[in-house]
Structures are given as C-alpha cells and as structure tokens.
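Written out below as structure tokens is the structure these notes cover.
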Amino acid sequence: MTQRLTPSTALLLTLPPLLWAGNAVVGRVVRELVSPMTLNFIRWLLAFVLLLPVAFAVLRRESPLWLHWKRYALLGLLGIGCYNALQYLALQTSTPINVTLVGSSMPLWMLATGMLFFGARVRPQEIAGAALSMLGVLLVLSRGRWSELLALRLVPGDLYMMLATISWAFYSWMLAGTREPAAVRQDWSFFLMAQLVFGMAWSGAFAAGEWALSDGHVDGGWTLAAALAFIVLGPAILAYRCWGAGVQRAGPQVAGFFSNLTPLFAALMSAAFLKELPHWYHGGAFALIVGGIWVSSRR
C-alpha cells in the first residue's frame, strides 16, 4: 500500500539520483584502472564488510532470510549482480551523459513492467507525468537546443545501460510487491544484507568470468581508493537504503520518475567540475521533471 508523496518521501527518492549521477561520473573516471565486473564485486564486498557488524544477525541459521532465499537471491541478482555491473560495463564504451540519457527511460520501463508482469494499472496521470519528465531530460541534454540531440550517437554501452534499466525496473517492483518478514524489515541494514548475501555471489561469479574470459584487472592507487570509498558509502549503501524506503512509501511507479533527476544532477556536476554557471535550461529541466513527479503522484 503506497502513501501520499510527502516531503520526507521526496527527499528519500531524490538523494539516490544525486548519488547515482556521481557514480556514473566516477565509473567513467576509473574505467582504465579496474575492469567493470571486478569494480562491482569489490564495491559490494566492501559494503558487506561495513554492514556486517550491524546486520550479522540476519545471517544466523534461524533467520527468515533462509526461508525466503529465492526472493533475496532474485533481488540480489537484479539490483546488485546486474544493474551496477551493466552500468560500469556501459561506461567502458559510453559517456556518463549517454548512460544517463538511456537511464532516463526508467519511468517508461517502470510503467510497462508493472502493467505486463505485476498487474498494475497505468493511470493517465502517470503517462502525462512520464511525458513531462522526459521533456525535462531532453531539455538539459540538448542544452536548450534540440538540434544537439541529433549529434548523440548510440554505442554498445548504451545497450548495456538499457538492460540495466530494465533490471532495475523489475528490482523496484519486487521491492514493493512483497512485505518483508518482521525480523528483516525492522532494520534497513538487515534488508540490504539479505540482498548482499546473494548479490555478492552473483557479482563474484560475474567477476570470475571476466578474469577467465577477458581482461580482468585492478590497478590500485589513491584515485581508485577514493572512488571506491565514494561508491561504497554513497551509491551502494546510502542510495539503496533511501531508494528501498522511498519505493515502499510511494510505490515503484512514482519512484521511477525520480530517477529522471539523475541526468540533471550529472549535468550540474559536470558544470561544477568545469566551473561553469548553471544555465536557464537547467532550471527549465528541473521544473519539467518535478512537474512530471507531481502530476504522476496526484490522487
């Protein structure tokens, strides 16, 4: 049962896109230092170590985790094993701006996945909200000049990001589709740890395959260490905690529109790194995206 979109819920759903925008930029920066599947495995291995002291109880033999292992194994595959690994793989050949552009199709995949596989009813407000939100994304990506969009070229990495987006849509619907056992639901760290147990197995298997079949590598250094510190504490732990709570409150359909804030944040970060001041189209895009969220969440 979803709740009305409150300021606190909106904040929960806004923070993950901000962190994901940073994740796309950082993933592109370190693409030469570590192979994508290995980066994903190291990321979640470190997150597991950080959560272990506070969520160890979920691993005990009597934990309900083992009674519902199929659910958590699938959540771990979609959200931990596939989504981020595919995104890092996409950044090998694509740019953060293209990756976030492809990822901006999230609301459409959320609506389609819910309707086709979870029996959700798509409301006219949600279709209108998706249109407004997509216009906002296209505005910021075009820098206010629609002819700029014609210069964008899709590469294999964009296909990987499309698969990642579909994976995340299924993951989000599964978050909202079943109530967790009380022993797991009582603490967010328990719920993330329940996914990590299986997610690490999936990501570890993918990393092993990468080393066996292709160019698996890790070139250590302060740049990689700083990148790992950010993606573990921010996009991994904090973003997953906020997204899970936000989806359970607002529902996956409304939550999907917040993902369209990611390319806007990515553009603002790029402007900050380049010491450029925001332009009018940043404000216009923000208004359209927020307008799409508001329209889609109306009763």
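If we scan the range 19-37, do we find a residue that is at pLDDT 90 or above, farther than 19 Å from Ile166 by Cα and touching a Cys at 6+ places or on another chain (Cβ under 9 Å)? Yes; the residues of the range 19-37 include at least one that is at pLDDT 90 or above, farther than 19 Å from Ile166 by Cα and touching a Cys at 6+ places or on another chain (Cβ under 9 Å).
Taken together, the residues in the range 2-42 that are touching a Gly at 6+ places or on another chain (Cβ under 9 Å) and part of a loop (DSSP other than H, G, I, E, B) amount to 4. Each residue in the range 61-101 was checked for being in a loop (DSSP other than H, G, I, E, B) and closer than 20 Å to Ala47 by Cα, and 1 of them qualify.
Would you call Gly114 surrounded by 15 or more Cβ atoms within 10 Å (Cβ to Cβ), at pLDDT below 85, under 21 Å from the mean Cα position of the chain (by Cα) and not hydrophobic (A, V, I, L, M, F, W, C)?
When the stated conditions are applied, Gly114 does not pass them.
Selection of the range 219-243 for residues being of a type in the set (Ser, Thr, Tyr) and either in contact with an Asp or Glu (Cβ under 9 Å, 6 or more places away or on another chain) or farther than 20 Å from Val54 by Cα (or both) yields only Thr223. Quick check on my filter: what residues within the range 102-137 are of a type in the set (Ser, Thr, Tyr) and assigned to a helix (DSSP H, G or I)? Hits for the range 102-137 are Thr113, Ser133. Within the range 212-229, the residues that satisfy the criterion of being surrounded by 15 or more Cβ atoms within 10 Å (Cβ to Cβ) and assigned to a helix (DSSP H, G or I) are Leu224, Ala227, Leu228.
The values are calculated or read from the model by the stated rules, or taken from the named source; none is laboratory data. The structure displayed is predicted, hence computed values, not measured ones. Note that each Cβ is placed from the backbone with ideal geometry, even for glycine, and that neighbours are counted across all protein chains shown.
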